[in-house]
Structures are given as C-alpha cells and as structure tokens.
Amino acid sequence: MNSELSKSQIESYRENGYIIIEDFLDSTELNHWRERVEEALRERNGQKMPDKAVQIGDDDGINTDADYFKNVFDQLLNLWQTNEGVKKLMLDPRIGKLATELSGADGIRVWHDQALIKRPWANPTSWHLDTPFWSFSDRRALSIWIALDDVTLENGCMFFIPGSHKQTTFETTSIGKNMGEIFDQYPQFKQAKSVPAVMKAGSCSFHNGLTIHGAHANMTSGFRRAMTCAFMPDGNSFNGQANILPEEYLKTLKEGDLLDNDDQNPLLYKVK
Ligand SMILES: O=C(O)CCC(=O)C(=O)O
Ligand SMILES: [Fe+2]
C-alpha cells in the first residue's frame, strides 16, 4: 500500500479539495480487496445497511427520484460491520493516517464505508456535497474512493470542482436527477472548470466532503466498482441529523454529544 504522502501532496489536497494517489494498492492487494468486497456484497444480498431492512434501489428519502437513483449505482453501506475481511481492510491504520494527515485533524474515525457499483449503462452521479448529510459538521471531513476497476471517462469516473470546498457550506441540497442543481446554490462555480479523476484499478482518490463532485454515466457494458469510506475527524459532536446512525444509538444521543462510540465509529488513527 502506497501510504506515504509528500508535503506537496498534502498542500495540493488542501488547495484543491481532492487528490489522486496512483497505485495505492499493488496488484496482489487489489485482488484481495476485490475478493473481500465481492464476498461482503454477496453476503448482504442487496441489503443496503446492516441494521435496516432497506434493499438497494428502495427509496431512501434522501434522493428525490427513486427510479432514477437506483440506476445511478448500487450503494451498500458499512460492509465493515458485516464482513471480517472488509473490516480488516477498511480499519487499516495506514488509511487512517492518510486521512488524518490530509484532513489536518489529530485523529480520524470511520463515518461509514460504502461500495459504489455503477452497473453497465448506469446513470451519472449528480454534482453534490457529502458532509451536509452527515451527523456532524466539520469542514475537514473527507472520503477515500478506491478504484476496483479501471475508471475512465467512458465508464463513470468522478469529477471535482477544485477549490470549491473553501466556499461551500453545511446547508443541504438533494441529490436529484438534475446534474447541475447544486450550481444554483453556488452560482460562483457556474463557470468553473471541472477535473476528471481517471484512474487505474488500485489507485484511489481522497476528497473533502465539501468539495463539489459528481460522476459520469457508465457508457459501457462493464462494471465500475469502487470501495469508499467516509471519515469523521475525532472530537466531533452530534448535530441532530440521523444519517446512518442506528435507531438504538440515536435514542441515546442528544445534540452536542460527543460522537465517540468505538463500535459505530472506530478510531482509525490518533496523532500521539
Ligand atoms: O462513485 C460515484 O459515482 C460518486 C462517489 C461519491 O459521491 C463519493 O464517494 O462521495
Ligand atoms: Fe459524494
């Protein structure tokens, strides 16, 4: 695993709100990730979250058009909670260290992982932000996105609006059918130049949850598979939004409570 960051990579991430790390996994590691993720997906049999009976493609109340959205990607969350192999891979402190260093936090917790599988001919992913959906509000929150297949302009690579993370806010927008809806909320980026994140299988990107991003449609007959994980800087508190927190845990939380439950949000890395 290519888990060393140079100063200029960190600077570039902070400036642009995303970074691509080529050859993050070598070919042996990549095969292992593919096998573990495939196994975890088979076990889940379409169940989107470990603790809820929602199937992929069901209306989740976040996305405004279920029929359209189910053809954007298969989205399965918190595979680390249901598969030991994925847990080992996902809770790797080297990934935690990368996320900590890029974010500038003094420690990092898993918010949730998710497999994002664009099937052949899948719809595009509308431009959006991530952090406004989460149960904490931190401008440093970020995600890793690991390519399990070669990701191209043809099969649904992600795109970023560089620097947008410095100006966006925690105000929510829907992820609907209209690709560019978010630009009505942030008109200052209507003329911005987007950058595609084309990468080989085994490479990864990190993006700040406040960086405007989206993805192409899959214009091919092949799959575009990604394994991703969202991270919460350690020390954050509950902002009142349920997001993916289980009912039982939510019942115990009130706004302002520290989110330090190691079973739900394991601490991956802490600066000593
Ligand atoms: O994979 C995609 O199409 C979108 C991914 C994304 O939005 C994310 O990882 O935050
Ligand atoms: Fe996203």
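Subtracting the Cα-Cα distance of Lys7 and Glu248 from 0.36 nm times their residue separation leaves 82.5 nm of extension gain. Mean-square fluctuations from a GNM of the chain, with a 10 angstrom spring cutoff on Cα atoms, peak among Pro124, Pro246, Pro93 at Pro246.
Going highest first, how would you order 250-262, 94-106, 202-214, 66-78 by mean Cβ packing within 10 Å? Could you put the intermediate results ahead of the total?
On the way: 250-262: 11.9, 94-106: 21.0, 202-214: 24.4, 66-78: 18.9.
My ranking of the peptides, most packed first, is 202-214, 94-106, 66-78, 250-262.
Each residue was assigned an accessible area with a 1.4 Å probe, and for Ile117 the value is about 10 Å².
Contact order, relative form, for the chain: 29 percent (alpha carbon pairs under 8 Å, 6 or more residues apart, mean separation divided by residue count).
Using 0.36 nm per residue and subtracting the Cα-Cα separation, the extra length available between Gln188 and Asp23 on full extension is 56.0 nm. In order along region 121-128, phi translates into HN-Hα couplings of 6, 5, 5, x, 9, 4, 4, 7 Hz, rounded to whole numbers, per the Karplus curve 6.51 cos²θ - 1.76 cosθ + 1.60 with θ = phi - 60° and x for Gly and Pro. Listed by chain and number, the lysines whose alpha-carbon sits under 20 Å from that of Lys118, ignoring those within fewer than 8 places in the same chain, are Lys48, Lys70, Lys177, Lys200.
Backbone amide hydrogens, once placed in the peptide plane, bring Met158 within less than 5 Å of Ala197, excluding anything fewer than 5 places away on its chain.
The values are calculated or read from the model by the stated rules, or taken from the named source; none is laboratory data. Keep in mind that this is a model prediction, so the values were computed, not measured. Neighbour counts run over all protein chains shown; Cβ positions are idealised from the backbone, glycine included. Please note that ligands, DNA and RNA were not included when accessible areas were found on the heavy atoms of the full protein model with its side chains. Shrake-Rupley method; radii C 1.70, N 1.55, O 1.52, S 1.80 Å.
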